[in-house]
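Structure first, commentary second.
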DNA sequence: CAGACGTGGTG
DNA sequence: TCACCAAGTCT
């Protein structure tokens with residue numbers, strides 16, 4: 001009977017991580033709530049950007065119960081500026097589920113964790129391993145990158161089949177280690193050494209067996225099949241104030257961009273002119289272009305991952321008309337605004353107007 | 001399952 | 001300026 005050799009990753013990378021890994025607040029705890037919170041915040045988000053939000057959330061909501069009892073608006077407000085707002089929605093939803101259906105106690109297995117909204121393969125493995133030493137490899141962008149290079153694999157990392165292959169391999173390797181250390185080390189390697197550009201191969205604890213390094217392929221790998229292309233869109237919005245300075249806003253729906261946040265009444269268009277868009281927008285609210293006064297137009301451009309938005313905001317004065325004539329969802333002023341979440345493009349606008 | 005979903009940093 | 005990317009999930 002031959003004994004299976006310990007993988008190089010376990011022999012070299014985990015000691016490297018324990019020696020040189022960054023001190024991050026969620027690494028010092030085994031509290032599943034804090035770990036879950038950090039993992040949701042860090043989805044598609046850099047540590048630098050997420051860190052402040054993590055501390056803010058933990059201070060405001062120190063445990064799952066306090067989060068579950070908060071209002072949704074409060075959660076969105078705290079999430080404001082972080083992006084991917086469905087995460088905030090699901091965070092709040094999951095907190096309620098944990099309180100109501102799990103008696104406030106976190107589920108401990110991969111499958112149970114994955115049943116929570118906002119918790120997919122990666123996050124379920126992360127929470128299970130970090131909080132409970134459950135032996136499941138967490139596969140994120142970092143892990144796909146270093147494994148692709150280490151194995152010299154040309155399989156596209158944005159293909160779900162590739163992810164499954166890596167999952168099987170690392171689920172095997174993780175058996176020989178602390179699941180917590182294994183997964184932290186795995187992601188840290190991708191974040192610090194095996195970076196997308198200019199990887200630090202001469203400091204890499206895997207270089208002796210890395211196919212990409214041995215064959216000078218680190219610039220070619222990993223391969224991505226999908227190409228990103230930017231779509232140009234026009235955003236036309238109304239800043240409608242009444243004679244007391246309050247303005248109309250509405251809550252964005254879950255299935256659209258900025259879902260859960262508040263925004264000015266607006267219209268997305270692809271190929272229309274600003275004039276036509278404005279006309280259509282006014283019509284939506286039974287406003288006649290002849291009856292209104294446009295005081296000012298604010299224009300900016302806003303870059304998203306797959307979209308470039310040209311934004312036009314028309315400041316409109318309603319003269320002597322009772323505002324409840326109009327079917328806007330909500331009217332707010334400077335004070336009420338402080339408790340609601342707004343997309344970046346509108347907080348930029350509010351700053352410009354001196355309202356923020 | 002391809003496409004949608006944000007914001008900020010980098011070369 | 002701009003493509004690419006960051007501790008992914010949902011539909």
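Taken together, the values in this text are just the output of simple stated rules run on the coordinates, not laboratory data. Note that the coordinates shown come from a computational prediction; the quantities given were computed from them, not determined experimentally. Every residue, glycine among them, receives a Cβ derived from its backbone with ideal geometry; neighbour counts consider all protein chains shown.
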Along each principal axis of its Cα atoms, how long is the range A:97-202 end to end? Whole angstroms, biggest number first, please. 49, 26, 24
Any idea what the relative contact order of chain A is, in percent, if you count C-alpha pairs under 8 Å spaced at least 6 apart? 17 percent
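At R0 = 56 Å, how high is the FRET efficiency between residue A:55 and residue A:273 if r is their beta carbon distance? Nearest 0.05 is fine.
After rounding, the FRET efficiency stands at 0.75.
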Compactness relative to 2.2 N^0.38 Å, alpha carbon Rg of the range A:83-122: 1.14
Sort A:89, A:197 so the one with the fewest other Cβ atoms within 10 Å of its own Cβ comes first. A:197, A:89
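So for each of A:184-193, A:288-297 I average, over its residues, the number of other beta carbons within 10 Å; can you give me the resulting order with the highest mean first? Walk me through the numbers before you get to the answer.
Working: A:184-193: 21.8, A:288-297: 10.6.
Descending mean neighbour count gives A:184-193, A:288-297.
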In degrees, nearest 10, range 0 to 90: what is the angle between the Cα axis of helix A:32-41 and the longest Cα principal axis of chain A? 60 degrees
With N set to the number of residues, divide the alpha-carbon radius of gyration of the range A:235-356 by 2.2 N^0.38 Å and report two decimals. 1.01
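Order these by the 10 Å Cβ neighbour count, fewest first: A:207, A:301, A:65, A:38. List each step's numbers first, then the result.
On the way: A:207 18, A:301 11, A:65 15, A:38 24.
Going from least to most buried by this count: A:301, A:65, A:207, A:38.
In what sequence do A:146, A:173, A:79 fall when counting other Cβ within 10 Å, fewest first?
Taking fewest neighbouring Cβ atoms as first place, the list is A:173, A:79, A:146.
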What nm value, rounded to one decimal, do you get for the distance between residue A:23 and residue A:305 when each label is placed 7 Å out toward the C-beta? 3.3 nm
Protection-proxy order for peptides A:304-315, A:26-37, each taking the mean of Cβ atoms within 10 Å per residue, highest first: A:26-37, A:304-315
If packing is taken as the mean number of other Cβ atoms within 10 Å per residue, what is the order of A:130-140, A:241-251, A:102-112, highest first? A:130-140, A:241-251, A:102-112
What's the angle, to the nearest 10 degrees (0 to 90), between helix A:141-151's Cα axis and the longest principal axis of chain A? 30 degrees
Compute the acute angle (0 to 90°) between the alpha-carbon long axis of helix A:121-132 and the principal axis of greatest extent of the alpha-carbon atoms of chain A; round to the nearest 10°. 60 degrees
Here the relative contact order (percent) of the range A:8-214, from C-alpha pairs under 8 Å and at least 6 apart, is 24 percent
Using Cα-Cα distances under 8 Å and only pairs 6 or more residues apart, what relative contact order does the range A:231-353 have, in percent? 36 percent
A chain fully extended from residue A:103 to residue A:353 at 0.36 nm per residue, minus the present Cα-Cα distance, gains in nm 85.3 nm
Given the C-alpha atoms of the range A:8-214, compute the convex hull and give its volume per residue in Å³. 114 Å³
Kindly state, to the nearest 0.05, the FRET efficiency for residue A:176 paired with residue A:115, given R0 = 30 Å and r defined as their beta-carbon distance. 0.55
Test of understanding: extend the Cα→C-beta vector of residue A:280 to 7 Å, then name every residue of the range A:231-245 with backbone N under 13 Å from that spot. A:233-237
Residue A:230 versus residue A:84: modelled label distance in nm, points set 7 Å from Cα along the beta carbon direction: 2.1 nm
Classify the range A:21-102 from the C-alpha gyration tensor, please: rounded if a/c falls under 1.5, else prolate or oblate depending on whether a/b exceeds b/c. oblate
Residues of the range A:92-106 with amide N under 16 Å of a point placed 7 Å along Cα→Cβ from residue A:65: A:95-106
Determine the calculated [θ] at 222 nm for chain A from helices alone, applying -39500 (n - 2.57) to every DSSP H run no shorter than 4 residues and normalising by the residue count; nearest 500 deg cm²/dmol. -11500 deg cm²/dmol
If we restrict to alpha carbons, what Rg and Dmax does chain A come to, in Å? 24.7, 91
